[in-house]
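Report on the following structure.
No lab work stands behind these numbers, since they all come straight from the coordinates. Remember, it's a predicted structure, so these values are computed and weren't measured experimentally. Counting neighbours? That spans all protein chains shown, and the Cβs are built from the backbone with ideal geometry, glycine included.
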Amino acid sequence: AEAHNDAVAGARALNAFTVETPEVALQAAEAADAALARGEAKPLAGIPLGIKDLFCTEGVESTAGSNILKGFTPPYESTVSAKLKADGAGMLGKLNMDEFAMGSSNETSAWGKVTNPWRGKGNEALVPGGSSGGSSAAVAARLCAGATGTDTGGSIRQPAAFTGITGIKPTYGRCSRWGVVAFASSLDQAGPMARDVRDCAILLKSMCGFDPKDSTSLDLPVPDFEAALTGDLKGKTVGIPKEYTIDGIPAEIDALWQRGADMLRDAGAELVEVSLPHTKYALPTYYIIAPAEASSNLARYDGVRYGLREAPEGGNLIDMYEATRSAGFGDEVKRRIMIGTYVLSAGYYDAYYLKAQKVRTLIQRDFDEAWKRCDLLLAPTAPSAAFAMGDKVDDPIAMYLNDVFCVPASLAGLPAMSVPAGLSDDGLPLGLQLIGKALDEEGVLNAGYALE
Ligand code: GLN
């Protein structure tokens, strides 16, 4: 009993969950047993999953990691979590995350920081990546079999890489955004995070599919992703984007990338160098478009419709807005709202937002050109292993730079996956990223499978 209590305390110390719902998971397991007894087997019968707190879950507090939504219990279920439940999965709880999915370290949550189950060389606490840091920590620590994540500019892939797990962001439009708290709607995409590629393939199949409630949802059949896992890459060409070789990238990341290329070659792929010339503009473009959309999406938190309301004595409506938003949003969210409002404002719209939209098109065209020469791209997921807690928290630019390899695929809406590919010199997990053509999740998953 003592060992059990220690294990539970250790697990809780990661702070991966915001709300625990073991009774919901148990119910699903019992329902799965009963269905099995009747000879009905659902694809995820009784599988315990964690759900990122960005997904609205009926009757269970859903806060997007923010004080402004504390106490918000949605009367509806997000399409993605509803699909997982319909396939038999049980929800163990809601997973911690950076506030409104803004961050790369899970240090901005109103529920407190999440700790990576891996420790640094000097036993220092490390970040689990972000914004899906509760998801990555929980899966890595084996607290759940899999989890949902969302990826706007890397939030599935980078935390997966930092914790030694696998995560895939499908093509924009594959998973419905309905019931997922909006951050940057033209980029937001849900996806699974799990121990390996096969588990991701199985979860992805349940999560995606057409949803008339999301106007950007793709009305296409859902492939049997698991069937694509042969590990055979004969006839495939994998591109190595030369612009991803950036200054100051640690030698261990370069070596990992090289090893990954060798493994794909061994699996039958041909490797070619390709060029994505606008890569260097991806990060600044992302950090204009994402905050612009966020500032607009977050306007709805006004103290009237959801969650927190701060109404100063004798104040008017504007006073209530100000007090609510001042108290409810954290610093990073306020920073994004200010940047976003600025780049959308009358005098600066053309210089920043419109320009960023044009560059986004150029970045998309870079990929279109690359696909004339290859089927997939291989790159590192992040420029470093998990960093120490507190390391970048006061330096937003350093934090944003960690997303450098993830944002291009997001801006182009392409499927991209991180697979654990080795250990750093300090013994920490490192991830490699596979980026595919739109709708080629099968190709991405199969190449990832060959890398495992
Ligand atoms: N780290 C990036 C950001 O802070 C990406 C976040 C995400 O994908 N949700 O915006």
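A few remarks follow.
- Selection within the stretch 310-347 - assigned to a helix (DSSP H, G or I) and in contact (Cβ under 8 Å) with a residue 60 or more places away in the chain: 324, 325, 327, 328, 331, 332, 333, 335, 336
- Restricting the stretch 370-408 to residues that are free of Cβ contacts under 8 Å to residues at least 12 places away in the same chain and away from the ligand (no atom under 13 Å from the Cβ), the residue that is surrounded by the fewest Cβ atoms within 10 Å (Cβ to Cβ) is 372.
- Residues of the stretch 154-195 satisfying the condition of being within 14 Å of the ligand (Cβ to nearest atom), small (Gly, Ala, Ser) and more than 28 Å from residue 427 (Cβ to Cβ): 182, 184, 185, 186, 190
- For the stretch 1-43, residues that are of a type in the set (S, T, N, Q) and either assigned to a helix (DSSP H, G or I) or surrounded by fewer than 12 Cβ atoms within 10 Å (Cβ to Cβ) (or both) total 2.
- Qualifying positions in the stretch 409-452 - within 13 Å of the ligand (Cβ to nearest atom) and not small (Gly, Ala, Ser): 411
- Just one of the listed residues (204, 256, 271, 218) is in a loop (DSSP other than H, G, I, E, B) and in contact (Cβ under 8 Å) with a residue 24 or more places away in the chain, namely 218.
- Scanning the stretch 118-139 for residues that are assigned to a loop (DSSP other than H, G, I, E, B), in contact with a Ser or Thr (Cβ under 9 Å, 6 or more places away or on another chain) and either surrounded by 22 or more Cβ atoms within 10 Å (Cβ to Cβ) or on the phi > 0 side of the Ramachandran plot (or both) yields 127, 128, 129, 130, 131, 132.
- Positions within the stretch 135-147 being within 24 Å of residue 74 (Cα to Cα) and either in contact with a His (Cβ under 6 Å, 6 or more places away or on another chain) or away from the ligand (no atom under 13 Å from the Cβ) (or both), in sequence order: 138, 144, 146, 147
- The stretch 283-304 - residue that is small (Gly, Ala, Ser) and under 18 Å from the mean Cα position of the chain (by Cα) and, of those, farthest from the ligand (Cβ to nearest atom): 294
- Residue check for residue 142: surrounded by fewer than 24 Cβ atoms within 10 Å (Cβ to Cβ), out of contact with any strand residue (DSSP E or B) (no Cβ under 9 Å at 6 or more places or on another chain) and not hydroxyl-bearing (Ser, Thr, Tyr): yes
- Residues of the stretch 85-111 that are more than 13 Å from the ligand (Cβ to nearest atom) and either of a type in the set (Val, Ile, Thr) or in a strand (DSSP E or B) (or both): 90, 91, 92, 93, 94, 95.
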